[in-house]
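Reading through the structure tokens given below for one structure.
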Amino acid sequence: MRKIFLTGLFVLFSLTATVPLTTYAQSTAPKRFTLEAVLVDNGGNVLYDLQETDLRIWITDGSGETLYEETQQVMVSSGAISVMVGDGDNPDTGEATGGVPYEVMTPDGEKRLNFQIMGDSIPQEELEMGSSPYAYYAQYALDLPTD
């Protein structure tokens, strides 16, 4: 049994070692991340009756300046949503955003993710962003010139 495991491990290592490193460098990190939430009204009651709604999503820095903004039409299931931030439309032009720009995700201070149902004056939530969305900023390092 042990011999089979070690042989399998060697084959796996050999296959991995033969893949050129440029394959990894040429990959593009996605410029989006998941937001999952439960929508509630001002009284804290889950909005079960919504089936589809327009959602505004924006990212701010520590001073409250908007760094990125998009809108999306989302499906609501039992009050819950799951959205890929970066797949939305620019609210000014109506065109696809093409993802969250790398510059927005630089690890240079506090970032907050905000979202609200369109037409509602009160944001649903303001969430401090942790390290997970920052992970794709590593793509920036891969794009630097190698000279």
Stretch gain in nm, segment ASN45-MET118, where the contour uses 0.36 nm per residue and the Cα spacing is subtracted:
24.5 nm
Placing each pseudo-label 7 Å from Cα in the direction of the beta carbon, GLU103 and ASP143 end up separated by a distance in nanometres of 1.1 nm
A correct Karplus calculation of ³J(HN,Hα) over the stretch 66-75, with 6.51 cos²θ - 1.76 cosθ + 1.60, θ = phi - 60°, whole Hz and x for Gly and Pro, returns 6, 9, 7, 8, 8, 10, 9, 8, 10, 8
Long-range amide H partners of TYR68, meaning residues 5 or more apart or on another chain whose placed amide H is closer than 5 Å, are ILE59
Would you work out if the stretch 38-92 is rounded, prolate or oblate? Take a ≥ b ≥ c from the square roots of the eigenvalues of the alpha-carbon gyration tensor; rounded if a/c is under 1.5, else prolate when a/b is larger than b/c, oblate otherwise.
oblate
In nm, what is the difference between 0.36 nm times the number of residues separating GLU52 and ASP89 and their Cα-Cα distance?
11.7 nm
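Quick note: the coordinates plus some simple rules give every number you see, no bench work behind them. On a predicted model such as this, the values are computed, not experimentally measured, just so you know. Note: ideal-geometry Cβ built from the backbone for every residue, glycine included; neighbour counts use all protein chains shown.
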